[in-house]
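Working notes for the structure below.
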Amino acid sequence: MTTTEWITDIALVLIVFRQLREGRLDHKTFLVPLAIVAFTAYSYLDSVPTAGNDLVLIGALTAVGAALGIAGGVYTRIRTLDGDLLLKAGAVSAVLWIAGMGARMGFQIWVEHGGGADDVARFSLAHHITSVQAWVAAFVLMALTEVVTRVATIYVRSRAVRTAPTRPVLGTTV
């Protein structure tokens, strides 16, 4: 892994760690993770191979990313306080985020330094995955989809929280 890849992966993990403490939901909540994955996609997604079962691999990992992102967004607490929206990633959200990011990092380290290249080559041959670029596209799109679906889920939920009618507290008059 290059230094840029390490920095990108660590930055994405730190985003959720930052959200373990409750903080204000603002534009940075959405823009920072989207900018990081946009940079990653621009840097590593040269093409999306379509030969053999490349699209099956890409589709499967993209679906995993979507599931992780939606679940992570659902398990992020959003509430209002004094007119502000507050956001706090729950334990489940953090575990899902780290699992997705960690799986990609772990796979890459295993292939590059752990002797997994031969196993991946055999798997690719047996399952008609035609190139390394198919794996790159699959993992980049998995990350992109995880981030976009998590951010979108949080956005949709934040709109619902903001527009939800407030209930009077027991014992007070409206």
Q | Hits in region 1-12 - residues which are open to solvent by 30 Å² or more (accessible area, probe 1.4 Å), β-branched (Val, Ile, Thr) and in a helix (DSSP H, G or I) | A | 3, 4, 7, 10
Q) How many residues are open to solvent by less than 50 Å² (accessible area, probe 1.4 Å) and aromatic (Phe, Trp, Tyr) when one looks only at region 31-60? A) 0
Q | Output for region 61-75, where each listed residue is open to solvent by 40 Å² or more (accessible area, probe 1.4 Å), small (Gly, Ala, Ser) and closer than 30 Å to residue 86 by Cβ | A | 67
**Q.** Matching option when the condition is over 20 Å from residue 48 (Cα atoms) and either touching a Gly at 6+ places or on another chain (Cβ under 9 Å) or open to solvent by 20 Å² or more (accessible area, probe 1.4 Å) (or both), among 136, 156, 132
**A.** 156
Q: Looking at (1) touching a residue at least 60 places away in the same chain (Cβ under 8 Å); (2) touching a Ser or Thr at 6+ places or on another chain (Cβ under 8 Å); (3) hydrophobic (A, V, I, L, M, F, W, C); (4) closer than 18 Å to residue 143 by Cα, find the lone condition where residue 64 falls short.
A: (2)
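The values are calculated or read from the model by the stated rules, or taken from the named source; none is laboratory data. For clarity, every value in this text was computed on a predicted model and none was experimentally measured. All Cβ positions, even for glycine, are placed from backbone atoms using ideal geometry, and neighbour counts span all protein chains on display. Surface accessibility is based on the protein's heavy atoms, side chains included, excluding ligands, DNA and RNA. Shrake-Rupley method; radii C 1.70, N 1.55, O 1.52, S 1.80 Å.
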